[in-house]
Amino acid sequence: MTSDWANREFPNTICLFDVDGTLTPARGVITDEMRKTLEDLRKKCVVGFVGGSDFVKQKEQLGDNALDMFDFCFSENGLTAFRKGAKLPENSFLQYLGEERYSKLVNFCLRYIADLELPQKRGTFVEFRQGMVNISPIGRNCSREERNNYEVFDLKHKIREKFVEDLEKQFPDYNLKYSIGGQISFDVFPIGWDKTYCLRHLEGEGFTTIHFFGDKAFKGGNDWEIYNHEAVTGHAIKNPEETQAALKEIFHI
């Protein structure tokens, strides 16, 4: 155990949280009540978050003081990471895949989306990130109402699920993982670069208990791998209110 956490009641324990739908409403901002819950939790144990979005988007939901609110901040599943506010070494999806293969992947996705018959299409169908690419059939520029409507449509017609199946058939040798998360998109990243990637940053910290809380803890969801990891105690929740209820039950805060 590192002495950095000696002031916590349970210094060998860390709680990791998904962001969207777990700490905040879907694409919403964190509430004052959740802030207070996390503040109380940090007196008990070490606290961190892990999400697929980049740090700029995470700050939009968690606040500009996110680095001060958490001991560990893992953006893009930990490809970009902070420990006590200090940045840790990064990795890159483009470096892993190479420009030629990446271009083939993106071109296929754009052609595929062009042929999809959807009630609405907006913009930003492919979003390049440090550790992955995010694919959205409707486009990430849609409004909240359009986002909610698309989620219902997608669940009924399994647009993203079929899209992923076709990508797996098209690029079997790329060693890529496709993870459906949120309401409108799915992430594409190298196998092993799911949310379990962040766990490598915890090696040597001496944690004997790693709790993870996420709202997509089902097969195909982007919390599934870390939720099921042998070193992790996973908690499947549906919304921030359930997250708070679970923390109160476990830590009596």
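The values are calculated or read from the model by the stated rules, or taken from the named source; none is laboratory data. What you see is a predicted model, and the numbers here were worked out from it, not measured in a lab. Neighbour counts run over all protein chains shown; Cβ positions are idealised from the backbone, glycine included. Areas reflect the complete protein model, heavy atoms only, side chains present, ligands, DNA and RNA absent. Shrake-Rupley method; radii C 1.70, N 1.55, O 1.52, S 1.80 Å.
So here's what we get for this one:
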read-out: Flag if T243 is over 18 Å from V50 (Cβ atoms) and in contact with a strand residue (DSSP E or B) (Cβ under 8 Å, 6 or more places away or on another chain); value: no
read-out: Residue selected from segment 33-74 under the condition among the aliphatic types (A, V, I, L, M) and in a helix (DSSP H, G or I), by the criterion surrounded by the fewest Cβ atoms within 10 Å (Cβ to Cβ); value: V56
read-out: Segment 215-253 - residue that is among the aliphatic types (A, V, I, L, M) and under 15 Å from the mean Cα position of the chain (by Cα) and, of those, nearest to T196 (Cα to Cα); value: I226
read-out: Number of the condition not met by F189 [criteria: (1) in a helix (DSSP H, G or I); (2) buried (at least 20 other Cβ atoms within 10 Å of the Cβ)]; value: (1)
read-out: Exclusive hit being in contact with a strand residue (DSSP E or B) (Cβ under 7 Å, 6 or more places away or on another chain) and β-branched (V, I, T), set V152, V126; value: V126
read-out: Qualifying residue in segment 75-83 (condition: without any contact (Cβ under 8 Å) to a residue 60 or more places away in the chain and either in a helix (DSSP H, G or I) or farther than 22 Å from E225 by Cβ (or both)); value: yes
read-out: Lone unmet requirement of (1) farther than 30 Å from F212 by Cα; (2) out of contact with any Asp or Glu (no Cβ under 7 Å at 6 or more places or on another chain) for F72; value: (1)
read-out: Some residue of segment 89-104 being under 30 Å from H211 (Cα atoms), open to solvent by less than 50 Å² (accessible area, probe 1.4 Å) and not in a loop (DSSP other than H, G, I, E, B); value: yes
read-out: Pairs with Cβ under 6 Å, 6+ apart, first in segment 33-47 and at positive phi, second surrounded by 20 or more Cβ atoms within 10 Å (Cβ to Cβ) and modelled with pLDDT under 95; value: none
read-out: Selection count where residues are open to solvent by 50 Å² or more (accessible area, probe 1.4 Å) and either polar (S, T, N, Q) or not in a loop (DSSP other than H, G, I, E, B) (or both), scope segment 207-238; value: 6
read-out: Selection from segment 122-138 of residues that are part of a loop (DSSP other than H, G, I, E, B) and either within 15 Å of the chain's Cα centre (by Cα) or surrounded by fewer than 23 Cβ atoms within 10 Å (Cβ to Cβ) (or both); value: R122, G123, T124, F125, R129, Q130, G131, M132, P137
read-out: Residue tally, condition basic (K, R) and over 18 Å from T243 (Cα atoms), over segment 196-230; value: 2
read-out: When residues of segment 169-186 are limited to those that are assigned to a strand (DSSP E or B) and aliphatic (A, V, I, L, M), the one nearest to C45 (Cα to Cα); value: I180
read-out: Lone unmet requirement of (1) open to solvent by less than 10 Å² (accessible area, probe 1.4 Å); (2) at pLDDT below 95 for A81; value: (2)
read-out: Residue check for D166: at pLDDT 95 or above, open to solvent by 10 Å² or more (accessible area, probe 1.4 Å) and in a loop (DSSP other than H, G, I, E, B); value: no
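For (1) open to solvent by less than 50 Å² (accessible area, probe 1.4 Å); (2) under 30 Å from A6 (Cα atoms); (3) among the acidic types (D, E), each residue gets a yes or a no:
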{"residue": "N141", "(1), (2), (3)": "no, no, no"}
{"residue": "Y150", "(1), (2), (3)": "yes, no, no"}
{"residue": "F171", "(1), (2), (3)": "yes, no, no"}
{"residue": "L199", "(1), (2), (3)": "yes, yes, no"}
{"residue": "A246", "(1), (2), (3)": "yes, yes, no"}
